[in-house]
Amino acid sequence: MLRLSMGLVFFGFGVLKFFPGTSPAQDLAVTTTRMLTFGLVPDHLALIGVASLETVIGACLLLGGRFLPAALLLLVPQLAGILSPIVLLPHRLFAGPHHAPTLEGQYVLKDVILLGAALVIAAAFLGQRRTSRPLPAREKLAIVLAGIREECPLEELCAEHGISESDYRSWKDEVLTAADAIRSAQAVALRG
């Protein structure tokens, strides 16, 4: 539910940014991006970039499954970007009486909730991968052989089977060690 809710938020606010003047955070997003890119990216392209990034993150979160790692990876720069005004623009975010947050400040501070939600989603995803059911030896062997035959990129193979690349490499080492032992035993048997 958290993943879907966050996906809807990112997708919805991302789509709004494609239509100039409809997002209440448009000016803040453009100003922050201008500062982060040292003014090298024109404002209209910055807005399209932010809109695209947010929309893709939202879509990946909504789709889940094999799209979830991409969403988590894209969330890193996105969350850094949306929280950076706290450091880059404190005069703008905390200009209320007694340095209380302005409406924009409250908007950015609420993004801390998105950071927390992203951490919960990432922890659930990583925990799910670690605690997935143990695979039978035949299935491990089939995965290793698919990797050796290079049927698809290793990252994709591992994601498809819900395993880490380190698990794959460990299994591959076991298979190759067993194959060497079998060859050695056969050589001894043929000599004897």
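The values are calculated or read from the model by the stated rules, or taken from the named source; none is laboratory data. All values reported here derive from a predicted model rather than from experimental measurement. Cβ: placed from backbone, ideal geometry, glycine included. Neighbour counts: every protein chain shown. Side chains included, ligands, DNA and RNA excluded: accessible areas come from the protein's heavy atoms. Shrake-Rupley method; radii C 1.70, N 1.55, O 1.52, S 1.80 Å.
On the given criteria, is LEU8 outside any loop (DSSP other than H, G, I, E, B), in contact with a helix residue (DSSP H, G or I) (Cβ under 8 Å, 6 or more places away or on another chain), surrounded by fewer than 16 Cβ atoms within 10 Å (Cβ to Cβ) and aliphatic (A, V, I, L, M)? Spelling it out, LEU8 is indeed outside any loop (DSSP other than H, G, I, E, B), in contact with a helix residue (DSSP H, G or I) (Cβ under 8 Å, 6 or more places away or on another chain), surrounded by fewer than 16 Cβ atoms within 10 Å (Cβ to Cβ) and aliphatic (A, V, I, L, M).
Each residue in segment 149-192 was checked for being under 18 Å from LEU135 (Cα atoms), among the β-branched types (Val, Ile, Thr) and assigned to a helix (DSSP H, G or I), and 1 of them qualify. Tell me which residues, restricted to segment 16-32, are open to solvent by less than 50 Å² (accessible area, probe 1.4 Å), out of contact with any Asp or Glu (no Cβ under 8 Å at 6 or more places or on another chain) and part of a helix (DSSP H, G or I). Residues satisfying the conditions are GLN26, ALA29, THR31, THR32. The single condition among (1) closer than 16 Å to MET6 by Cα; (2) modelled with pLDDT of 95 or more; (3) not hydroxyl-bearing (Ser, Thr, Tyr) that LEU79 does not satisfy is (2). Any residue at all in segment 102-120 that's without any contact (Cβ under 8 Å) to a residue 60 or more places away in the chain, in a helix (DSSP H, G or I), open to solvent by 50 Å² or more (accessible area, probe 1.4 Å) and small (Gly, Ala, Ser)? Checked segment 102-120: no residue is without any contact (Cβ under 8 Å) to a residue 60 or more places away in the chain, in a helix (DSSP H, G or I), open to solvent by 50 Å² or more (accessible area, probe 1.4 Å) and small (Gly, Ala, Ser).
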